[in-house]
Every structure is written in structure tokens, then in C-alpha cells.
Amino acid sequence: MRSLLVLLALASLMTARLSAAELTVNVEIPRLDVSEYHRPYVAIWIQTPERKVAANLAVWYQQSAGADGKGEKWLPDLRQWWRRSGRGLEMPVDGISGATRPAGKHELSFDGKGKHLSKLKPGKYTLVVEASREVGGRELVEIPFQWPAKSQATETRRGEEELGSVSLKLTP
């Protein structure tokens, strides 16, 4: 009888997990053929129609710059993110900040009940991905979406130089 109760409890937890809304972001950092290449700093956030930050999802920057914080010196180059949210944060931020990423595809998944999305009210939002690279350019990609999703949906946009393909997958 006890094992049956444990199985039922596990099944209900799995069902609850499957029914939780999810947001998955895929970001491609293109391989650039330039003489002096530096990995880009990248900020990923969700903003309201009024362009206010609703949730910071990720900030990738040079964290190994030592105790003097030289890696943080270039965070203002992520201009939109910095103006809207970054300057008010004390880096590093647990669960948000991380090291710069190499060229390639990177996936981030967020549970609707987790700390990143649990405070989002139903409505219209925009996923914003901003990249800035030393001795390079700056680029911003935006993908509008409705939260929570009523059905599974995937939207993709493509950057021109600093970002490749950026996609947003919503699962109800």
C-alpha cells in the first residue's frame, strides 16, 4: 500500500511538472572571421510593452577579470539592458550572470513557476537579446510573445552580425 502511495505521489508530481508553462530560448553566437575576436557580452531579458524589464534571464560577461571587476567595466556596452536594468544590479547575480559563451548554439530553459517567470502577469511581452563585442559591433533582437502561452509556439528571428538565430519556444 505504501509503495502505491509513493507511485501516485510521483505520478502527480510528474503531471504537475508537465503541465507547468515553460519558456525556452535558443541563442546562436556566430563564428566570425576577424583578426581580433572577443566573445560577446550578451544580455537576455523580458520586457513589457512599456519597455520596462519584467525579468532578467541571463547576462553573459567576462567574470574571470579578477577582483578589480574589469569584466564588469564593459557591461554598459549592452546599452539597452544597462539603461533599463543593468546599472541597478550588483553583479554577479545568482542564477542570471554567467561567463561569456563561445561561438555556437546555446539553450536556456525556464519553468513558469521558477524565480524568473513566476512574477509575470498574463499579457504581452517581448524577449530581448542584446550582444556587444569588444572591437566589434552591437546588436539587438526582439521577439514579441503572449504569456502564458495558450498553445505551443516557436518564433525565430535572425541577427545580422553579432547574433545568429534567436528563437523562443513557449510551452503551455
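Once the convex hull of all Cα atoms in the chain is built, its volume per residue stands at 144 Å³.
Of the listed pairs LYS52/LYS105; LYS105/LYS150; LYS52/LYS124, which have alpha-carbon separations greater than 22 Å here? Check vs 22 Å cut-off fails for LYS52/LYS105; LYS105/LYS150. Averaging 1/r across all pairs of distinct Cα atoms in the range 68-136 and inverting the result yields a Kirkwood radius of 14.5 Å. Sorting 39-46, 72-79, 92-99 by average packing, meaning the other beta carbons within 10 Å per residue, from highest down gives 39-46, 72-79, 92-99. The long axis of helix 2-19 is offset from the longest Cα principal axis of the chain by roughly 40 degrees. Among beta bridges from DSSP that stay inside the chain, the antiparallel ones total about 95%.
Bear in mind that the values in this text are calculations on the coordinates, not laboratory data. Just so it is clear, the structure is predicted and the values come from calculations on it, not from any experiment. Positions of Cβ are generated from backbone atoms using ideal geometry, with glycine treated the same way; all protein chains shown enter the neighbour counts.
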